[in-house]
1. I'd like to check something: does segment 8-21 contain any residue that is part of a loop (DSSP other than H, G, I, E, B), modelled with pLDDT under 65 and open to solvent by 60 Å² or more (accessible area, probe 1.4 Å)?
2. Any idea how many residues of segment 89-118 are in contact (Cβ under 8 Å) with a residue 60 or more places away in the chain and either within 18 Å of Ile15 (Cβ to Cβ) or of a type outside the set (Phe, Trp, Tyr) (or both)?
3. For segment 104-134, which positions are open to solvent by 10 Å² or more (accessible area, probe 1.4 Å), at pLDDT below 95 and in contact with a helix residue (DSSP H, G or I) (Cβ under 7 Å, 6 or more places away or on another chain)?
4. Would you mind finding the one in Gly105, Gly112 that is within 19 Å of Tyr193 (Cα to Cα) and of a type in the set (Gly, Ala, Ser)?
5. Kindly provide the set of residues from segment 92-103 that are buried (at least 18 other Cβ atoms within 10 Å of the Cβ), under 20 Å from Leu144 (Cβ atoms) and not β-branched (Val, Ile, Thr), ordered by number.
6. Could you give me the residue pairs with C-beta distances under 7 Å whose first residue belongs to segment 179-203 and is open to solvent by 80 Å² or more (accessible area, probe 1.4 Å), whose second residue is outside any helix (DSSP H, G or I) wherever it lies, and which are 6+ apart or on separate chains?
7. In this structure, does Arg179 turn out to be out of contact with any strand residue (DSSP E or B) (no Cβ under 7 Å at 6 or more places or on another chain), closer than 15 Å to His35 by Cα and of a type in the set (Lys, Arg)?
Amino acid sequence: MDFPPPIPDPADGTIRRYVIAPSDRGSARYLDLLHGRLVRPDAHANAPVVHALRQDARRVSDEELVFLLQPGGLPNWRPRLVAGYLIGLDRRTRFRQTVGELLLGSEVCFSGQGFCFALAAFGDHPDAEILTAYLDRYLPALDLRYDQHWALGALRYVDSRLGTSHADRYLGPGGRWERWAGAVPQPPDADTYRALIADLCAL
């Protein structure tokens, strides 16, 4: 695949400031976000991390977010993961289409977690449509262990907010979720990720 040339950093140090800057716990921000660690059992210890993340979600410019999300120029998932969280926390729905395209493209690992969070945080009908499109594409692919569990958790959260039932089509005995999750020895639990998304959105 041919990628466009990298977008120049609009503010020198964007990656350092928003992605790899160590938190009060000494870990880089992308590690604090990976796998939903912000709301793990020691969440009381994460208050300074959450406060700093909220501040940066308000502070980061759209131009910087475009830089973090760009394809090709940044050869790993870390900037996109962080950008997804920043977009979701500040409810920047103008990034919905970009987030949806990147989630459906699934070009790099882990970043889909941030995109699913952003769509859940937006929590509207277009977000349910994107999450449904993702699950329709990737749940039948039993050999692809992408972000299906995050997407289903996000969709169930959006359903709870909208009073809809989009996720029901995937659940139940013999459903697409059961077939996908059953393709590995230790399948992810659908309820766990629904609760995790809800906890993250409560931030």
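The values are calculated or read from the model by the stated rules, or taken from the named source; none is laboratory data. This structure is a prediction, so every number in the text was calculated from the model and none was measured. As a convention, Cβ positions derive from the backbone with ideal geometry for all residues, glycine included, and neighbour counts pool all protein chains shown. Accessible surface areas use protein heavy atoms only, side chains included; no ligands, DNA or RNA. Shrake-Rupley method; radii C 1.70, N 1.55, O 1.52, S 1.80 Å.
1. No; the residues of segment 8-21 include none that is part of a loop (DSSP other than H, G, I, E, B), modelled with pLDDT under 65 and open to solvent by 60 Å² or more (accessible area, probe 1.4 Å).
2. 5
3. Passing the criteria: Ser106, Val108, Phe110.
4. Gly112
5. Within segment 92-103, Gly100, Leu102, Leu103 qualify.
6. The qualifying pairs are Arg179/Leu142.
7. Criteria not met by Arg179.
The rows are residues; the columns are (1) more than 12 Å from the chain's Cα centre (by Cα); (2) open to solvent by less than 10 Å² (accessible area, probe 1.4 Å); (3) modelled with pLDDT of 85 or more.
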position: Ala47; (1), (2), (3): yes, no, no
position: Ala52; (1), (2), (3): yes, no, yes
position: Ser61; (1), (2), (3): yes, no, yes
position: Glu64; (1), (2), (3): yes, no, yes
position: Pro75; (1), (2), (3): yes, no, no
position: Arg78; (1), (2), (3): no, no, yes
position: Leu81; (1), (2), (3): no, yes, yes
position: Gly84; (1), (2), (3): no, yes, yes
